[in-house]
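Bear in mind that the values in this text are calculations on the coordinates, not laboratory data. Note that the coordinates shown come from a computational prediction; the quantities given were computed from them, not determined experimentally. Cβ atoms come from the backbone with ideal geometry, glycine included; neighbour counts cover every protein chain shown.
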Amino acid sequence: MAGSSAVLEDSSILSRLDRGLLKLETFFALISGIAVFMLMVLAVWSVGGRKFFASPLAGYVDWIEAAMPFIAIMGIAYTQRMGGHVRMDILIGQLKGRALWAAELLSVVLILLLMLALTWGAWAHFDRSFDMGAPMWSRDSSIDIGLPIWPSKLVVPVAFAVISLRLCLQIWGYGRALVLGLERPVAVPLVQSAAEQAMAEAEQLDGRD
Amino acid sequence: MDPIEIGLWVSGGMLLMVVLGMRVAFAAAMAGLIGLIWIFWAKKGMEWDQLGWALTVAIKTAGQVPHSKVSSQTLSLIPTFILIGFLAYYAGLTKAIFEAAKRWFAWVPGGLAVSTVFATAGFAAVSGASVATAAVFARIAIPEMLKIGYNKQFAAGVVAAGGTLASLIPPSAILVIYAIIVEQDVGKLLLAGFIPGAFSAVVYAILIIGIAMIWKNVGPPVTGFTWRERFASLPAALPIVAVVVIIIFFVYNPFGDAWGTPTEGGAVGAFIVFCMAVFRGMRLAELKDALLETAKLTVMIFTIIWGVLIYVRFLGFADLPGAFAEWISSLETSPMLILICILLAYAVLGMFMDAIGMLLLTLPVVYPAVMALNGGEFVSAADSAFGMSGPMCAIWFGILVVKMAEFCLITPPIGLNCFVVAGVRPDLSVQDVFRGVMPFFVADAVTIGLLVAFPQIVLWLPSLAG
Amino acid sequence: TEWNASVWGKRRAFTEHVEKIAELVSEKTNGEFTINVSYGGLSKNRENLDGISIGAFEMAQFCAGYHADKNRAITVLELPFLGVSNLEEEVAVSRAVYAHPAVAKEMAQWNAKMLMTSPMPQYNLVGTGDPRTTLEDFDGMRVRATGGLGKAFEAVGAVPTSVTSSEAYNAMESGVVDTVAFAQHAHLSFGTINKADWWTANLNPGTVNCPVVVNIDAYEALSDAEREALDGSVDEALDHYLANYGELLERWDTVLEEKGVEKVEFSPEVIAEFKAKAADPAREAWIKDMEAQGIPGQELYDLVIETLEKEQASN
Ligand code: NA
Ligand code: NA
């Protein structure tokens, strides 16, 4: 199972677009990480308030539920850029050259079709909860404190649109590698051997203990 | 075509996509979406002018799932548990716990290896991820073992196996995922993980001591630590104890009312480790890295979760789990034999798949079947096949499959923990690690056998919690 | 014709009318028209209206308090202390409100049409610790109560904390809440009664309103015979529901005794005080809020009260 992979860079338009989009993706992923941190703070606040000050935080569950899409979905394109979505590479790992790029290309084209469909579906889900004529534009609200739900529903199609852009770049990258018969194409995550990958993971942990 | 037939075709197609190397989350979501289109279209008699309607309804139904399913308070445990693990590195907890384990346990035969197992078990109490645990201890423990003349392969095997304890002993992302999929009480599942996790560690330790007594050169004991040195090693490892105590007290307080939900317990644990890391001088850039890594891992897990849940939504319309459960419970074979076959199937599947993907893909169908086998979700212990009530069976089976999933982390050809250990140590090949970890297959088989034969090991703690 | 009905949880008193209507419809059409009841397989409970709107399934149950902004008009039925005292009255007021054009119009936004209600008795509290018998006792109380009921307790200083019904037992055990407001069947099926020290017998603060709806397109696509079978089975399904719930209520006192749960009776003065503090401002705020959005709040509220008076006079 591939966890993370290397992405090469050069001065081509593709690579520059890749790095440009990466800035946006990193920003989104950071929002997700900060939201996890806030989740922790919120829980400590809620417990502390309840245990020590007899003033529990109103709507605690509503706030957490509203935060979860930010945590769980905003970083989806960043993870795809890094090759971080797991897969079984026991077969694909055996392929080399054009056969490998063809297989990768097929896979990202299918994922793009899926994500375009889901972007639409998630937008429709948002749209049902959004009403320009209603107070706070809300046609769906949370159970305890009546928070409008549309902002957290909107996160999903936005994040899905960004990963769709990412997939377009990857189609370009793999397509180019397939046509030109490249060995180390830029802007796409390269399959690493299990050992290379473990090494990279270990490096990440360096200096952390 | 009837829905169950559609269900089987789509499930087969999904497994094919996964084997061919499509990212698991998207393969599952794709299968679910295609299945939904198919089932809605079949409902309208597969008329061509109805295909557009079926597409729209299926896409809108699937499009609800990501937001709907991730907006859950219980699932918020996962990012918190992941964050604890990353913060623990900065808090210096790994070194501290290994040092303490060494001073307390290294005097027995195979002493350093035993200490490593107990240190990984201790670290498991703050880490939710097995692979990370193996990577960390490959750096800390292997060099020390080699220094005093341990067999290289054996030392690597100890670390790879010890790493697997992290998912059984809470906090554990994988136990939370199991609880979500099967809709059972997260708190009780986490509690249930403690004893089997500690039990696995003890079985590992006994195995190591046995090996060390038979083959003298495997690992000499390390002696000479004074009691003063032993106690001096404890304070640095204290946050781990604090996290364990907090999680237990949040879920089940033996002295009165518990303190809160498991979610809150996880968050307070993370906060303590965070304070510890800040105290140890963690910088803002490091915090940013930890948050990005947490986000990446969290998103990876959640994408699989909602992807699989789109597939599960389709299964709901196809009613495949119901049909499978009916079929399993109609078999004449003894329930225990069927259960053992299911566990063996997991062992085989796990040779090729990672733990979370494997559980998410199979549980929606397998879990209802196991529950039906025991006599249903609300069966009493007296009327059941395995001698336990429905909810208890859910907990017991959960611990069994998680232990199976952990076992798969050290079995060839895809044993992630072994890859990681070999990756960290350039002087070790993957084959070396697989060879060294082989004795632990026996230990795991024994552990699983005992957990099957004596469910009380799993169920005692959660049954105290009411 | 084959319909799917999306409900949640497990089969219980609360879903008996849906099971019954499926049975009746199939009988009356000789199996031509069947309804499969799915417990959570088709949708999350808070998204059943979305599923109806999409057309993913044809029938669904939901509760108004789960998402007030999706169904503003019927939240009138969740206002605290309306004075509804039994299930028959609950059926009558729900039926009247569901027939109001403002409700039909709002439901049409979801492509939904009201079929019947799922009448619930008053949501009395179970609690741990010393019984709370005065308004002051409610101060700082962490109560699991949703919608209008939650607001009512908030008005006297309590903190509404919504955990889902399936987490209510845990929340009680872990001290996240110290009281839970449920109907009797839910106190039984979610186990909160096992954790309780006391139950408020006569607080009767209000209830939740959980309609069963059908998808308009699917309803209109039915043959005349099928539609007649469906519409004609509503009364019988509700009668079955009431009879079934009645048996459960008869058992209730025995259950309290077995579990050693104390019955707390409030004095009329305390209830009047609670009503003045919680019900009157909540009602005024609700009406003002609805009128501002073009929903006839006053008219809906008056309709409830009139129907209730008529119902009580006729018995
Ligand atoms: Na752990
Ligand atoms: Na394996």
Antiparallel bridge percentage (DSSP; both residues within the protein assembly as shown; nearest 5): 55 percent
Over the protein assembly as shown: helical MRE at 222 nm, DSSP H runs n ≥ 4 each giving -39500 (n - 2.57), nearest 500: -21000 deg cm²/dmol
Three semi-axes of the equivalent ellipsoid, the protein assembly as shown, Cα gyration tensor, whole Å, largest first: 49, 34, 27
All-pairs Cα distance distribution in region B:392-460, expressed in whole percent, bin size 5 Å: 3, 16, 23, 18, 14, 11, 8, 5, 1, 0
Shape box of chain C [Cα atoms, principal axes, largest first, Å]: 58, 45, 38
Inter-centroid distance (Cα atoms) of region B:329-393 relative to region C:235-311, Å: 44 Å
Span from the region A:17-84 Cα centroid across to the region C:50-71 one, whole angstrom: 28 Å
Charge tally in the Cβ shell below 10 Å around A:Arg128, where Lys, Arg are +1 and Asp, Glu are -1, A:Arg128 excluded: -1
Using alpha carbons only: equivalent-ellipsoid semi-axes of region C:179-315, gyration tensor based, whole Å: 33, 26, 15
Across C:Lys44/C:Lys70; B:Lys69/C:Lys10; A:Lys51/C:Lys277, pairs whose alpha-carbon gap is larger than 24 Å: A:Lys51/C:Lys277
Cα Rg over Rh - region B:165-267, Kirkwood: 1.10
Neighbour-limited loop hits for chymotrypsin sites (Phe, Trp or Tyr not before Pro), region B:151-240 (at most 14 other Cβ within 10 Å; DSSP other than H, G, I, E, B): B:Trp215
Å³ per residue enclosed by the Cα convex hull of chain B: 154 Å³
Cysteines in the protein assembly as shown lacking a second Cys C-beta under 4.7 Å: A:Cys168, B:Cys275, B:Cys341, B:Cys393, B:Cys408, B:Cys418
Candidate aspartates and glutamates - alpha carbon under 15 Å from C:Lys310, same-chain residues fewer than 8 apart omitted: C:Glu88, C:Glu89, C:Glu90, C:Asp302
Computed log₁₀ I(q)/I(0) - Debye formula, equal Cα scatterers, no solvent, region B:57-194, q 0.10 Å⁻¹: -0.41
Per-selection Rg to Rh, region C:176-247 - Cα, Kirkwood hydrodynamic radius: 1.15
